[in-house]
Amino acid sequence: MLKNGHSVILNKRRISDVLFAGIAVAVPVFLLLFVFFPLVKMLTYSFFQNGQWNFSHYQQLLGGRYITLFRNTLLVTFSSTFLAVMLGLSVTLAIHRSRIRFRKLFHYAAILNMISPPFVSAIVFIMLFGRRGLIANRLLGMSITLVGPQMIVVLQTIANASIAYLVISSVLRGIDPNIEKSATDLGASRYRVFYTVTLPLLAPGLIASASLIFANVLADFGTPILVGGGYRVLASEAYIQLLSNYNLGYAATLSVALLFLSSWMFTVERLLLKNKEFVSANIAEQTSELVDHTNENPYSLLNGLLATLFSLLIVTQFFTVAAGAFTNVWGYDFSFSLRHFQTARFQISKSLQNSLYFAFRVALIGPMLGITAAYLYQRSRGLVRTAINHMAMAPFAVPGTVMGISYVMAFNRPPLALTGTAMIIIIVCMIRELPISFNSAKAILKQVSNNLEEASRDLGASRWHTFTRIIVPILFPAYKAGMLHGFIHVMITIGAIIFLITPRYVTITFEIFRAVNSGRLGEGAAYAFTLVVFTVLGLAGLHLLWKMPALFCRIKEKMAVK
Amino acid sequence: MERKSILSILLVLVIIMALFTGCQPAPAEEPTEVSEETPEQPVEAAAEPADEPYTGEPLQIYAAYGGLEEIAQKFESETGIPVEMLSMSSGEVLSRMRAEAGRALGDVWFGGGIDSFMVAAEEGLLHPYQSPEAISIEDRFKDQEGYWTGVSIVLVTFVVNKPLAEELGVDIPRTWESLTDPAYQGEVSMPNPGISGTAYTAIASMIQMRGEVAGWEYLDVLDQNIPYYAERGSEPPQQASLGEVLVGISPDGINSLREGYPVEVVYPEDGTPWWHSPVAIIEGTQNLEAAQKFVDWVLTEEGQAFLAEVSPRPSTRPNVPLPEDVPTLDELNLVDYDFAWAAQERDRIVEEWTQRYTQ
């Protein structure tokens, strides 16, 4: 009996050791293969042409005109990042640290915001605030210019505030409310608590979201092209070089420049976080979603105001899209009509199926990659650590289109002939989503510190035990953030897969792009509306999955009582 | 707490299993769904049904064309060959074909800028095919070696917002010359010719029509009326439809009109720039026979009439019945355009344009 039990434990340990070794090898290999290798391919493309070394692209990059490009890029990126993080922080605090009624609605608005397909938002803005727009012109009698760098910043801020909110709130919910409570009990003012306790504890989240958003804005070519009015940044220049001048090498060179800027940002992130090891060993109950009123934020009024404005804007935007889908001519003839759905019904159902197929897969598998990578990152030292960090963060710095192209260059022939398959689309989406789950898991692990693991093991728990009982539950918020963001992102993504998609795997966002680009705005709105509705349904489904374990427990308990 | 986490892990594992064993995404639509979609186009018994039911892979088509869904269904109902279409600009298709370097991921390339097709043919990315139907098509609309064949004529038009014209109290511009009138200052939207094939065709047409010096002088004056150059070809008609600007220089302006916006489509009377939108077979296709059938079909009189119906453009084949809102080529003053010259000079003209108007 005893002997038997002993061998079971031994076996278990052996299995877990093999498993750990396997993960420790598999994750870096996966990253090398699908992050490093394509990027190297791209790099060689930037200075290796027709079998010869050629640095002309880099010389071109150092020419005069490109100073402007760099300046534009940095200006737009820094201001959008700063504003988006501030807005995200405000929304987070309004939801988790205030007494505003219905504050839960802000959360749904933030999620809804992430769902809005990119092309449609810009059109909605024109319809609402444009020269003949409903709000700005007909209601307020203003005439605003909706093109230029300020418009890029506005759209980027709004679009990225949701990411900031997701990352910051996942860190905030990991903070033990008792710390803030103790500070208050010891007589600190609310301001003092906020500045000396809450904010420093949030710092990893703020910095992590800032670097994510920085890279996100840096790599986004869509918004500058849509509303920039000729104001060009590095990412849009790369896209344009690729699509109009068929200049692969030059686009690759510009991507290298983008990569340089973003890795610089991540170095700054590392330096900032190095001296700020805020340790909070007591991870708060994951279930305590209800806000503790004693921790009211001193700026609740301002936060509430900003969050309300933000939410109103998002909701108006959604209703404008819905109006476009169900009226005869979007923004012009408001009589009810289903003609847009009728003309596109087959295409809608086919592309929707494809999108959901990709999105669910990436949402459920993807975060595990990010989390394991973050765990390995935390556990490893030296070069391996740096390498994992860079490889896991790199995908955000590479413009989607360039990443797609680099995948085509890397995986179009044996032994890895993956182009044309659904698999490569799933992998590229997973890799692009990697930074989200990686970064939030990293931020959480940073708070935990290794002591917790050590303590667990000192008390006799096995490595596997420690991992499943301590680390995994702690990382659930990161998984959730990665899952939700992954699902949404795949539903609305276009740049990364534009070069990998085949007619068989048409996605719904592609169809929006096509409809808007050929001037059929109503049809585009119908697609967009369908997309939003099904993304919401999908998210609800994922939430249900999330709640399922707790539900099972409750049912089991009830059964036991009976 | 403990039990909960174990359950969660189990759940995640189950999900993973489900994911890897789950079903593939939807393949082609059922052929049976199709016929009801286009009742106004009775499937003539004359349209010979395929000798035997098609058993091959669905035809994969990269397209830059309007009305793709209708075209796919019509073709399938007439030939029994299922079609999967993907909309993509010709620049993207070309970049992608180059990156694939000889591994074809599709069968047919349908519609787009003629220059991309010319470059692709030169680089050996296209498979030549002399369709028997191409004989009826004028020589100027097709490649002599059969690498590509023009399907329809894309016209560069002005999309003019009528309510805005009334509000501003200006006439609707009918010529390129009148477009430079100071009354239209800040009211003309045009894309960057480095990005948009439409804009490049327009400025190359100006230079060809007026000569090098006068052409650039004209563009200098036109520049005064253009607040900024858009970064995508679809922006001008969109801005004009929504009343952000008065005039959008745009291909296929009828689309905005058909969508229902209060616009007038003007075919410039002093020269309408144009190009032919081609169809080609992608080199290395695994489905050559079906691809050839598609090329044949879009060039037949019925196919051409159907294309004009769903994507309002004049046909390349003469005497094809056109919808009422589509002008025939005889009604228009087409620019006498030298495509070879335009392709050769593109880099120089775009460079000069960039120097002049974007610094």
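Listing for the model above:
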| quantity | calculated |
| --- | --- |
| Single unsatisfied condition, B:Ser136 versus (1) within 14 Å of B:Phe294 (Cβ to Cβ); (2) away from chain A (no Cβ under 14 Å) | (1) |
| From the options A:Gly400, A:Gly404, residue that is over 30 Å from A:Val171 (Cα atoms) and at pLDDT below 85 | A:Gly404 |
| Failed criterion for A:Lys181 (all others in (1) crowded, with 22+ Cβ neighbours inside 10 Å; (2) under 18 Å from A:His96 (Cα atoms) hold) | (1) |
| Matching option when the condition is free of Cβ contacts under 8 Å to residues at least 40 places away in the same chain and more than 14 Å from chain B (Cβ to nearest Cβ), among A:Leu383, A:Leu313 | A:Leu383 |
| Pairs, first under 24 Å from B:Glu70 (Cα atoms) in region A:339-368, second of a type in the set (S, T, N, Q), C-beta under 6 Å, six or more apart | A:Ile348/A:Thr530; A:Ser351/A:Thr507; A:Asn354/A:Thr507; A:Ser355/A:Thr507 |
| A:Tyr195 vs. criteria part of a helix (DSSP H, G or I) and of a type outside the set (A, V, I, L, M, F, W, C) | yes |
| Hits in region A:491-519 (condition: within 7 Å of chain B (Cβ to nearest Cβ) and farther than 18 Å from A:Val321 by Cα) | A:Ile498, A:Phe499, A:Ile501, A:Thr502, A:Pro503, A:Arg504, A:Tyr505, A:Val506 |
| Boolean, A:Gly541 is within 12 Å of chain B (Cβ to nearest Cβ), in a helix (DSSP H, G or I) and farther than 16 Å from A:Gln347 by Cα | yes |
| Only one of B:Ile71, B:Ile81 that is under 27 Å from A:Gln342 (Cα atoms), at pLDDT 80 or above, assigned to a loop (DSSP other than H, G, I, E, B) and more than 11 Å from chain A (Cβ to nearest Cβ) | B:Ile81 |
| Restricting region A:324-338 to residues that are touching a residue at least 12 places away in the same chain (Cβ under 8 Å), outside any loop (DSSP other than H, G, I, E, B) and not small (Gly, Ala, Ser), the residue that is nearest to B:Pro163 (Cα to Cα) | A:Val329 |
| Hits in region B:99-124 (condition: under 22 Å from B:Leu59 (Cβ atoms), within 10 Å of another protein chain (Cβ to nearest Cβ) and not in a helix (DSSP H, G or I)) | B:Gly102, B:Arg103, B:Ala104, B:Leu105, B:Gly106, B:Asp107, B:Val108 |
| B:Gly233 vs. criteria under 19 Å from the mean Cα position of the chain (by Cα), of a type outside the set (Ser, Thr, Tyr) and at the interface with chain A (Cβ under 9 Å from one of its Cβ atoms) | yes |
| Options A:Ser280, A:Ser209, A:Ser263, A:Ser244; residue that is modelled with pLDDT of 80 or more and touching a helix residue (DSSP H, G or I) at 6+ places or on another chain (Cβ under 8 Å) | A:Ser209 |
| Only listed residue being assigned to a helix (DSSP H, G or I) and either closer than 25 Å to A:Gly538 by Cα or under 16 Å from the mean Cα position of the chain (by Cα) (or both), chosen from A:Ala183, A:Ala110 | A:Ala110 |
| Residue match in region B:139-153 (condition: more than 21 Å from the chain's Cα centre (by Cα) and either buried (at least 23 other Cβ atoms within 10 Å of the Cβ) or closer than 15 Å to B:Val295 by Cβ (or both)) | yes |
| Selection count where residues are within 14 Å of another protein chain (Cβ to nearest Cβ) and of a type outside the set (Phe, Trp, Tyr), scope region B:251-281 | 14 |
| Residue within region B:327-341 that is under 22 Å from the mean Cα position of the chain (by Cα), without any contact (Cβ under 8 Å) to a residue 12 or more places away in the chain, more than 21 Å from B:Val265 (Cβ to Cβ) and more than 13 Å from chain A (Cβ to nearest Cβ) present | yes |
| Criterion violated by B:Pro227 - all others in (1) assigned to a loop (DSSP other than H, G, I, E, B); (2) modelled with pLDDT of 95 or more satisfied | (2) |
| Considering residues of region B:255-281 that are aliphatic (A, V, I, L, M) and buried (at least 24 other Cβ atoms within 10 Å of the Cβ) only, the residue farthest from B:Arg313 (Cα to Cα) | B:Ile281 |
| Those residues of region B:332-353 which are touching a Pro at 6+ places or on another chain (Cβ under 9 Å) and either closer than 30 Å to B:Ser136 by Cα or surrounded by fewer than 16 Cβ atoms within 10 Å (Cβ to Cβ) (or both), in sequence order | B:Leu332, B:Asn333, B:Leu334, B:Val335, B:Tyr337 |
| Hits in region B:85-98 (condition: within 7 Å of another protein chain (Cβ to nearest Cβ) and not hydroxyl-bearing (Ser, Thr, Tyr)) | B:Met85, B:Leu86, B:Gly91, B:Glu92, B:Leu94, B:Arg96, B:Arg98 |
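The values are calculated or read from the model by the stated rules, or taken from the named source; none is laboratory data. A quick note: this is a predicted structure, and the numbers were derived from the prediction, not measured. Glycine gets a Cβ as well: all are built from the backbone with ideal geometry, and neighbour counts include every protein chain shown.
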